[in-house]
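Visitor: Just passing along the structure, written as structure tokens.
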Amino acid sequence: MKEQTLDYAALTSAGTERYFFQSPVKIDYPAGETVEWYGFRRHNFELDGRRGFIVEPPHPAQGLPWCWCLQWAEAFVPRTPALRLLDRGFHHVYFDVFDTYMNEEGAAALEKFYRLLQSLHFHRKAALFGMSYGGLFALRWAAEHPETVGAMWLDAPVCTLAFAAERNESNTAPGDLPRWRGEAQKHFKAYGVDDLDGLRRHPLDPLNNCLPIARAKIPILAIRSGQDRSVLPESNIDVLAERIQAAGGDIQVVRRDYYGHHPHGLDDPAPLADFILRHYPEVTF
């Protein structure tokens, strides 16, 4: 066998040293560009005109576990579990459906993305990250596809389609009202309703459709920011947690009573990664 010569110059680069010793796992990532992302390889690609990426761990864990950031995948990354899970052999993925607000068009696009990942032999269950709007997207996905979710981390999450439309003079600073009213119009259009009541009654609203998540016993770790004036916890995570608990679901809410909407994640995200590692199914790390 030919002796391998170590390229010590390569080992000085954080972007390449992780991958110096090749993994026996070969994955045919989608065609696109490969870039460096926090010292890891990220494969950027398009699917039906929508942008996505897959971050490659240097040594994929057996069973190909993966975590899925549903929205704001570039935000507060070092404070999220993503980098720690990559080090443990998880892939980390994102696919952009923000313009759909996770209506039926958005759900169909994510279903096609999920099928792509399954064709690469990823584990059938994902660990979902739901930060802010990503909470809405993660909850929508989990309610319709509970069999595909191993665990969920929610952080200051949007939990109802009505979160923008419910803003008024009593719960919003006057200067912020035009922005929220503009967001509400986008939600009305995306879900084919005319008013706040239509959003609240919509069968796809996570607050109306959380029973599949509870019945599936999907483990959820939710961070509640008590001073959040962007996504009001009292009409989002508080209501969701109450309904999931009442239905016998598995949700733990961590209160950060003196925090606002940002920053997401934790100074030390180890507890977030530990939660996912503890609950992720059928994989040996």
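The values are calculated or read from the model by the stated rules, or taken from the named source; none is laboratory data. Everything numeric in this text was worked out from a predicted model, so none of it was measured. Positions of Cβ are backbone-derived with ideal geometry, glycine not excepted, and every protein chain shown enters the neighbour counts.
Visitor: Of all residues in region 188-225, count the ones that are without any contact (Cβ under 8 Å) to a residue 24 or more places away in the chain and not in a loop (DSSP other than H, G, I, E, B).
Guide: The qualifying residues number 5.
Visitor: What is the one condition in (1) within 19 Å of PRO206 (Cβ to Cβ); (2) in contact with an Asp or Glu (Cβ under 9 Å, 6 or more places away or on another chain) that ALA127 does not satisfy?
Guide: Result: ALA127 passes all but (2).
Visitor: Considering only residues that are more than 14 Å from HIS91 (Cα to Cα) and either in contact with a helix residue (DSSP H, G or I) (Cβ under 9 Å, 6 or more places away or on another chain) or loosely packed, with under 12 Cβ neighbours inside 10 Å (or both), which ones fall in region 35-44?
Guide: GLU36
Visitor: Sort out which residues of region 201-243 are of a type in the set (Asp, Glu) and within 20 Å of the chain's Cα centre (by Cα), and write them in order of number.
Guide: Within region 201-243, ASP205, ASP228, ASP238 qualify.
Visitor: Hey, another quick one. How about region 13-84: which strands (runs of 3 or more DSSP E) wholly inside it have at least 2 residues that are touching a residue at least 60 places away in the same chain (Cβ under 8 Å) and of a type in the set (Phe, Trp, Tyr)?
Guide: Answer list for region 13-84: 66-69.
Visitor: Quick check on region 124-133. Is at least one of its residues in contact with a Pro (Cβ under 7 Å, 6 or more places away or on another chain) and without any contact (Cβ under 8 Å) to a residue 60 or more places away in the chain?
Guide: No - not one qualifying residue is present in region 124-133.
Visitor: Right, here's the next one. Just need a number here: residues in region 142-152 that are under 10 Å from ILE213 (Cα atoms) and part of a helix (DSSP H, G or I).
Guide: So the count comes out to 5.
Visitor: Right, ASP228: within 30 Å of HIS91 (Cβ to Cβ), out of contact with any Pro (no Cβ under 8 Å at 6 or more places or on another chain), part of a loop (DSSP other than H, G, I, E, B) and modelled with pLDDT of 95 or more or not?
Guide: No.
Visitor: Here's something else I'd like to know. Loosely packed, with under 13 Cβ neighbours inside 10 Å, hydrophobic (A, V, I, L, M, F, W, C), out of contact with any Lys or Arg (no Cβ under 9 Å at 6 or more places or on another chain) and free of Cβ contacts under 8 Å to residues at least 60 places away in the same chain - does that describe any residue in region 229-252?
Guide: At the first step, the residues of region 229-252 found to be loosely packed, with under 13 Cβ neighbours inside 10 Å are 234, 246, 248, 252.
Filter again for hydrophobic (A, V, I, L, M, F, W, C), leaving 246.
Then keep just the ones that are out of contact with any Lys or Arg (no Cβ under 9 Å at 6 or more places or on another chain); that gives 246.
After this cut, where a residue has to be free of Cβ contacts under 8 Å to residues at least 60 places away in the same chain as well, the list is 246.
Yes; the residues of region 229-252 include at least one that is loosely packed, with under 13 Cβ neighbours inside 10 Å, hydrophobic (A, V, I, L, M, F, W, C), out of contact with any Lys or Arg (no Cβ under 9 Å at 6 or more places or on another chain) and free of Cβ contacts under 8 Å to residues at least 60 places away in the same chain.
Visitor: Right, something else. Quick one: would you say LEU139 is part of a helix (DSSP H, G or I), more than 30 Å from GLU17 (Cβ to Cβ) and not charged (D, E, K, R)?
Guide: Yes; evaluated as a whole, the condition is true for this residue.
Visitor: Can you name every residue in region 91-133 that is in contact with a helix residue (DSSP H, G or I) (Cβ under 8 Å, 6 or more places away or on another chain) and part of a loop (DSSP other than H, G, I, E, B)?
Guide: If the condition is that a residue be in contact with a helix residue (DSSP H, G or I) (Cβ under 8 Å, 6 or more places away or on another chain) and part of a loop (DSSP other than H, G, I, E, B), then VAL97, TYR101, MET102, ASN103, ARG124, LYS125 are the ones that fit.
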